[in-house]
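Data block below; observations after.
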Amino acid sequence: MTVAQLSAELPEDVTYVFPLPHAPRAASVVRRRVRAVLSDWRLSADIAEDVLLLASELLTNAITHALPPATLRLSRVLVDGLEAVHVEVTDAGPAAPADPPPPGLDPDEHGRGIEIVMALAARYGVRERADGTSWWADVVVS
């Protein structure tokens with residue numbers, strides 16, 4: 001299949017935008033909405049779970065470490081001629097350093113988000129802008 005044929009099969013230039021309330025439960029609400037979009041796109045279960053996990057990591061990072069408002073964008077793109085899902089979370093920039101973690105917090109439960117993004121994404125990055133920061137990643141689906 002040529003790139004032109006693949007481009008013709010991608011949905012029209014559709015980007016889903018999900019505002020992210022700055023609250024702990026916000027990530028779970030947005031995850032449900034992302035899952036519905038991925039289902040509509042008829043992605044394989046494995047790919048959909050990878051995209052959902054990646055989106056969850058980026059969302060959680062924005063809620064935990066950044067200033068509001070935050071927004072998630074989800075779109076279909078071509079990466080080196082292959083169909084991919086682009087996930088991007090934009091926030092208002094880093095928040096002031098938080099207090100030290102409470103005693104007894106399991107370090108194995110935190111701090112692995114970027115490793116997950118690196119493992120799942122074909123490519124990823126950060127864009128610093130005057131109005132905030134965007135973390136993005138592309139997951140190849142074909």
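The values are calculated or read from the model by the stated rules, or taken from the named source; none is laboratory data. Treat the numbers as computed from the prediction; the structure is a model and nothing was measured. Every residue, glycine among them, receives a Cβ derived from its backbone with ideal geometry; neighbour counts consider all protein chains shown. Side chains included, ligands, DNA and RNA excluded: accessible areas come from the protein's heavy atoms. Shrake-Rupley method; radii C 1.70, N 1.55, O 1.52, S 1.80 Å.
Report yes if some residue within the range 42-50 is at pLDDT 90 or above and touching a helix residue (DSSP H, G or I) at 6+ places or on another chain (Cβ under 6 Å); otherwise report no.
yes
Can we say PRO68 is of a type outside the set (Asp, Glu) and touching a strand residue (DSSP E or B) at 6+ places or on another chain (Cβ under 9 Å)?
yes
Out of the range 110-126, which residues are modelled with pLDDT under 90 and either assigned to a strand (DSSP E or B) or among the hydroxyl-bearing types (Ser, Thr, Tyr) (or both)?
Once the filter is applied, which keeps residues that are modelled with pLDDT under 90 and either assigned to a strand (DSSP E or B) or among the hydroxyl-bearing types (Ser, Thr, Tyr) (or both), the range 110-126 yields nothing.
Do you know which of the residues in the range 82-96 that are open to solvent by 20 Å² or more (accessible area, probe 1.4 Å) and modelled with pLDDT of 90 or more is farthest from the chain's Cα centre (by Cα)?
LEU82
Among the residues in the range 63-70, are any without any contact (Cβ under 8 Å) to a residue 24 or more places away in the chain, surrounded by 14 or more Cβ atoms within 10 Å (Cβ to Cβ) and more than 12 Å from TRP135 (Cα to Cα)?
Checked the range 63-70: no residue is without any contact (Cβ under 8 Å) to a residue 24 or more places away in the chain, surrounded by 14 or more Cβ atoms within 10 Å (Cβ to Cβ) and more than 12 Å from TRP135 (Cα to Cα).
Yes or no: LEU54 at negative phi, open to solvent by less than 70 Å² (accessible area, probe 1.4 Å) and at pLDDT 85 or above?
Judged against the criteria, LEU54 is a match.
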